[in-house]
Amino acid sequence: MTDLDLITTAQELVAERKGILAADESTGTITRRFSAVGVESTPETRRDYRQMLFTTPRIETFLSGVILYDETIRQSTTDGVLLRDVLVGKGIIPGIKVDMGTTELANFPGEVVTEGLDGLRERLAEYRDMGARFCKWRAVIRIGDGTPTRGNLVANAHAMARYAALCQEMGLMPIVEPEVLMDGDHTLERCERVTTATLHHTFEQLFEQRVLLEGMLLKPNMVVPGKGSLEDMDPTAVAEATLRTLQRTVPAAVPGVVFLSGGQTPEQATMNLNAMNQMGEAPWELTFSFARALQGPAMEAWSGKAENVQIAQELFYQRAQLASAAREGEYSETMERATTRLSG
């Protein structure tokens with residue numbers, strides 16, 4: 001794959017009115033989410049759930065790509081069709097999560113670094129041959145007393161940059177995901193400072209590793225107050241702080257910013273994305289790469305029962321439609337109320 005192919009994939013993923021579904025939950029993560037809705041987590045139930053999402057009628061209207069987990073890219077539907085081929089058949093680009101999760105960073109108590117660089121070149125070749133066109137790697141940054149440290153930010157930024165360089169070498173478009181967690185009682189202002197530092201180090205390392213910025217996407221957190229903060233989640237304040245942070249750190253050569261929802265409710269994530277897109281022109285496309293903010297209502301409605309597939313797909317379609325509207329700055333509370341009536 002040439003540089004032009006990488007650029008084309010990046011641009012297709014941030015196409016007008018479209019965003020990305022993050023369906024790359026690890027087995028441990030989806031097991032916890034299934035448990036909350038009373039579903040036993042097995043290879044079959046995980047397959048059934050993702051099959052329900054991917055076969056939703058007309059979902060390709062709002063989704064440009066889906067990030068898969070290793071198990072999912074190898075699974076087939078109950079009719080024997082590879083799940084990745086279901087997506088391709090709809091014109092949706094399949095991608096793959098390639099990091100191996102986090103581990104404690106030596107000499108940095110309470111901080112973690114993402115693993116997965118060992119053997120990555122070979123794994124990328126396998127995923128490329130399976131039809132994946134892009135990849136994702138997540139770094140986890142925690143705000144606390146004295147954290148994050150510069151050492152932690154640099155270690156994660158370096159790993160993300162090496163991952164991105166390997167992806168491009170193997171012809172796969174990288175999504176770089178440095179997530180500053182919502183966990184804690186920090187203010188929006190503190191989140192802005194930490195996110196600014198995180199992105200500064202990330203792009204410094206991407207430059208050092210000669211990553212083609214036009215052939216990558218950034219998947220950051222929105223700048224929000226911590227879950228334990230008494231601060232309100234005001235969409236205007238979030239949008240202003242997030243855009244200010246991006247303007248100070250992200251080169252205009254990057255085609256798009258695909259936000260994670262990061263523990264926000266579906267409504268919060270959608271309102272905040274909408275507020276950003278209503279604030280005028282930005283040098284990047286501003287869209288979504290949500291997991292729970294797209295899937296949450298559908299997973300609750302499905303609850304592992306075949307008879308609930310249709311209503312779950314309707315809810316999934318509705319949430320994707322709302323995120324698509326927010327991606328254009330056209331979302332409204334009236335649209336949200338219509339979705340609430342459906343889920344009720």
Taking the number of other C-beta atoms within 10 Å as the exposure measure, put Ile311, Ile59, Ile30 in order starting with the fewest. Ile311, Ile59, Ile30
Förster radius 45 Å - calculated FRET efficiency between Leu4 and Asp232, Cβ distance, rounded to 0.05: 0.50
Of Leu82, Gly19, Leu120, farthest towards positive along the dipole that unit charges on Lys, Arg, Asp, Glu beta carbons give region 3-343: Leu82
Scan region 86-134 for GluC sites (Glu not before Pro) in coil per DSSP, keeping those whose Cβ has at most 15 other Cβ atoms within 10 Å, and list them by number. Glu115
Considering the chain as a Gaussian network with a 10 Å cut-off on Cα pairs, which listed residue, Thr147, Thr55, Thr334, attains the greatest mean-square fluctuation? Thr334
Can you give me the C-alpha center-to-center distance between region 285-344 and region 72-126, rounded to a whole angstrom? 24
Pick out, from Ala10, Thr31, Val250, the residue whose Cα sits farthest towards the positive end of the charge dipole of the chain, with +1 on the Cβ of Lys and Arg and -1 on the Cβ of Asp and Glu. Thr31
Selected from Ala293, Leu181, Ala155, residue furthest toward positive end of dipole (region 3-343; charges at beta carbon): Ala293
Counting each DSSP H run of 4 or more residues in the chain as -39500 (n - 2.57), what helix-only mean residue ellipticity at 222 nm follows after dividing by all residues, to the nearest 500 deg cm²/dmol? -15000 deg cm²/dmol
Please find the FRET efficiency linking Thr265 to Glu208, where r is the Cβ-Cβ separation and R0 is fixed at 45 Å, and quote it to the nearest 0.05. 0.75
Förster radius 30 Å - calculated FRET efficiency between Asp185 and Ile311 (Cβ-Cβ, nearest 0.05): 0.20
Region 3-343 - charge dipole about Cα centre, Lys and Arg +1 at Cβ, Asp and Glu -1, debye rounded to 20: 280
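Give me the extension gain from Arg121 to Val154: residue separation times 0.36 nm, minus the current Cα-Cα distance, reported in nm with one decimal.
9.7 nm
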Pulled fully out, how much extra length does the chain show between Ala106 and Ser76, if you take 0.36 nm times their separation in residues and subtract their Cα-Cα distance? 6.8 nm
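Values in this text are rule-based calculations from the coordinates and carry no lab data. Owing to the predicted nature of the structure, the values given are computational and were not obtained by experimental measurement. Positions of Cβ are backbone-derived with ideal geometry, glycine not excepted, and every protein chain shown enters the neighbour counts.
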